[in-house]
1. Pairing the Cα long axis of helix 61-89 with the longest principal axis of the chain, what angle in degrees results, from 0 to 90 and rounded to the nearest 10?
2. Restricting attention to the stretch 76-151, which chymotrypsin sites (Phe, Trp or Tyr not before Pro) occupy a DSSP loop and are surrounded by at most 14 other Cβ atoms within 10 Å?
3. Can you grab the distance from the C-alpha centre of the stretch 22-64 to the C-alpha centre of the stretch 78-99, Å, no decimals?
4. Taking the Cα centre of the stretch 164-285 as origin and charging only Cβ (+1 Lys, Arg; -1 Asp, Glu), how large is the dipole, in debye to the nearest 20?
5. Of the residues ILE76, ILE34, ILE158, which exhibits the maximal mean-square fluctuation in a Gaussian network model of the chain defined by a 10 Å Cα contact cut-off?
6. Counting other beta carbons within 10 Å of each residue's own, what order do MET123, MET10 fall into, fewest first?
7. Under a Cβ-only charge scheme (Lys and Arg +1, Asp and Glu -1), can you give me the dipole magnitude of the chain about the Cα centre, in debye to the nearest 20?
8. So I have (1) 78, 76, 31; (2) 59, 41, 40; (3) 54, 50, 34, and one of them is Cα extents along the principal axes in Å calculated from this model. Which one is it?
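Computed from the coordinates by the stated procedures, all read-outs in this text should not be read as laboratory data. In this text, all values refer to a predicted model and were calculated from it rather than measured experimentally. Methodologically, a virtual Cβ is constructed for each residue, glycine included, from the backbone with ideal geometry; neighbour enumeration extends over all protein chains shown.
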Amino acid sequence: MNRLLPRALMAPAVATLFLWMIVPLAMTLYFSVIRFNLMQPEATGFIGLQNFEFFVTDPSFTASVLNTLWLLGSVIVITVVLGTGLALLIDAPFPGRGLVRVLLISPFFVMPTVNALLWKHMMMNPIYGVLAQVWKFFGAEPVDWLTQWPLLSVIIMISWQWLPFATLIFMTALQSLNREQLEAARMDGATYLQQLRYMVLPHLARSMAVVIMIEMIFLISVFAEIYTTTGGGPGDASTNVAFLIYKQALMSFDAGVASAGALFAVLLANVAAIFLIRLIGKNLD
């Protein structure tokens, strides 16, 4: 009886959460095996794995997968490395540290679309953007970032937004670092680099694992920045899997192929998660 009552009270919430997850997944599975094009609603029926075949043979498929992996890897490396550096810089007390911390964290609260518009018009515009003015100041030709380096531009935008998140996690983790051990190591003659390698970075290992896992979950579905700035182009230069699914669903009106693509994205996310969990688990051991 003592066990039954808590389970009964939790049952509605668990059932709601289960339905919240299973109904969209079931509908996606259903649409992925039928012909369902909104431009031809009368042509329907079971077609097996043809939607999957059509999706993986799309000319943009290979480029979208590679772009997704490049984006994931680049943003994770940039945010982890720079986030660790920034956290170490603002860990020691100095005048105005509270204000600096607030300013460093604030970009994380900017909406993705606003972030994209900010970089597109204020920073990367080849005529009046801040970067163009810097280039002109040094006598160089301004770069049309979104045309010449579309994927790199998207990576910079996303890294700028996610860097505060990594910095916040690492900054919080540094608060629990044993200062007495650091002081003892310093008195024993350990250099700063030795302290960083053998004491600080091992202490941040679990925080790094958390940052990598959370960023991977969210970054695999990046869409707003690409849609707002490059539109997946030029060509397929900045198209990722999420944007390819969008093109199939809302530009080709093919819900069946888009559903197949969504299931592929779930599979890709799980494969990446398993790989990262094992890699991080070995490092933590």
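1. The answer is roughly 20 degrees.
2. TYR128, PHE138
3. Between the Cα centre of the stretch 22-64 and that of the stretch 78-99, the gap is 47 Å.
4. Its charge dipole is roughly 180 debye.
5. ILE34
6. With the fewest neighbours first, MET123, MET10 line up as MET10, MET123.
7. Taking the Cα centre of the chain as origin, the dipole is about 700 debye.
8. The value matching this structure is (1).
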